[in-house]
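Inspection log for the structure reproduced underneath, given as structure tokens.
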Amino acid sequence: MAVPKIPARWLRAFSNRTYLPALLALAVVCAAGFYAEQQNATIHHQSERARVQQEAGMLKSRLEGQVNGDYQRLRGLAAMLATEPDMEQARFSRIAAQVLEGKTTIRHIAAAPGLVVSLVYPVKGNEPVIGLDYNQNAAQRAAAHRVRDSGDMVLAGPVNLVQGGSGFIYRLPIFTGSGTDRKFWGILSAVVATGTLYTETGINGNKGGLEIALTGQDGTGPSGRQFFGVPDMLTGDPVLLDINLPVGSWKLAARPQGGWQSVPGNLWKLRLGLLAAAALVVFPTFLAGRLSAARQTVIGKLRRREAELEAVGNATRRTRK
């Protein structure tokens with residue numbers, strides 16, 4: 001491809017020192033504009049991440065508050081069962097009703113002495129659960145044994161529920177007696193519908209304009225499977241926050257709706273501002289250079305005219321002699 005030729009008059013203009021200040025001013029303005037665009041992109045990205053961090057932090061607080069609040073309710077009920085291991089259904093229903101008063105996402109509660117469900121609340125709609133033997137149910141056996149052996153609460157899910165739908169299951173071990181008389185009584189379980197938890201905490205339909213993902217199924221933290229949100233979230237440099245559960249954790253990932261902006265929204269406003277600033281700096285400098293060049297040209301002509309007049313005068317004087 002042929003290289004375009006630069007007009008000779010342009011070369012003469014560039015070689016003229018009169019225009020050197022304008023060229024230097026243009027170079028400085030271009031460098032300043034490039035730096036300003038880089039800084040603007042950095043500031044925009046940092047501001048966007050800070051906004052996402054703030055919105056995601058609010059979701060984290062609501063999730064942790066809801067999960068841990070429900071856990072504390074269940075701990076109180078588990079303590080009563082430990083002191084009243086022969087509690088009957090009627091008393092269990094009264095106490096469970098009090099436990100579920102107020103803002104909670106718990107939908108069902110069940111107690112399984114000897115790992116066989118015999119106490120439920122509410123009874124209506126949970127009839128299929130009564131008599132469920134965790135030892136005989138392949139889907140429940142491993143989790144029940146994990147709770148019994150660990151002695152800690154386990155938050156499982158999301159899982160498919162016997163009652164239908166999906167949800168999270170809190171399982172708390174209950175022990176009676178103390179010291180050498182301490183023995184395993186059974187498990188207290190509570191079901192939280194996934195949709196209820198997501199809606200109450202703002203994960204569903206969040207108003208912050210975020211895309212959300214949750215990983216750590218069964219409270220296994222960042223190494224666990226993703227169970228909610230955009231599938232490719234973790235590959236898009238999201239903001240990451242730990243959701244601390246009573247035992248274990250989830251990982252929350254967040255980014256703006258549609259992903260991070262590669263170009264700041266104010267880029268063209270910035271460029272127009274820089275162009276206006278460049279015009280205010282470069283044009284006066286260029287004009288001053290042109291005026292200086294014109295002045296030098298006039299001075300040069302006057303000097304040549306003076307030299308010519310002086311030469312004529314000298315010739316005249318020599319002739320008279």
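Kirkwood-based Rg over Rh for the range 106-250 (C-alpha set), two decimals?
Using Cα coordinates only, the ratio equals 1.02.
From the C-alpha gyration tensor of the range 213-261, pull out the three semi-axes of the equivalent ellipsoid (sqrt of 5λ each), sorted largest to smallest, in whole Å.
21, 10, 7
Once the piece of chain linking LEU26 and HIS145 is laid out straight, how much longer is it, given 0.36 nm per residue of separation minus the C-alpha distance between them?
35.3 nm
Give me the tail of P(r) for the range 60-111 as a percent: Cα-Cα pairs with distance above 18 Å.
32
Count the net charge of all other residues whose Cβ sits under 13 Å from the Cβ of VAL147, scoring Lys and Arg as +1 and Asp and Glu as -1.
That works out to +1.
I'd like the Kirkwood hydrodynamic radius of the range 13-141, using the inverse of the mean 1/r over distinct C-alpha pairs, in Å.
Working: mean 1/r = 0.0483 Å⁻¹.
Hydrodynamic radius (Kirkwood, Cα pairs) of the range 13-141 is 20.7 Å.
Return a whole-number percent for the relative contact order of the range 32-152, with Cα pairs under 8 Å and 6 or more residues apart as the contact set.
Answer for the range 32-152 is 15 percent.
Using the alpha carbons of the range 35-87, what is the convex hull volume per residue in cubic angstrom, as a whole number?
On the way: hull volume 2.7 nm³, N = 53.
Cα-based convex hull of the range 35-87, divided per residue, equals 50 Å³.
Could you check the simple spin-label distance between THR297 and HIS45, using points 7 Å along Cα→Cβ, in nm with one decimal?
Distance between label points: 5.0 nm.
Can you give the FRET efficiency for ASN137 and PHE184, using 1/(1 + (r/R0)^6), R0 = 22 Å, r = Cβ-Cβ distance, to the nearest 0.05?
FRET efficiency, ASN137 to PHE184: 0.75.
Take peptides 186-195, 61-70 and line them up by average Cβ neighbours within 10 Å, highest first, as a rough protection proxy.
Per-residue Cβ counts within 10 Å, averaged per peptide and sorted highest first, yield 186-195, 61-70.
Every number here is computed from the coordinates shown, using simple stated rules; none is lab data. Keep in mind that this is a model prediction, so the values were computed, not measured. Here Cβ is always computed from backbone atoms with ideal geometry, including for glycine, and neighbour counts include all displayed protein chains.
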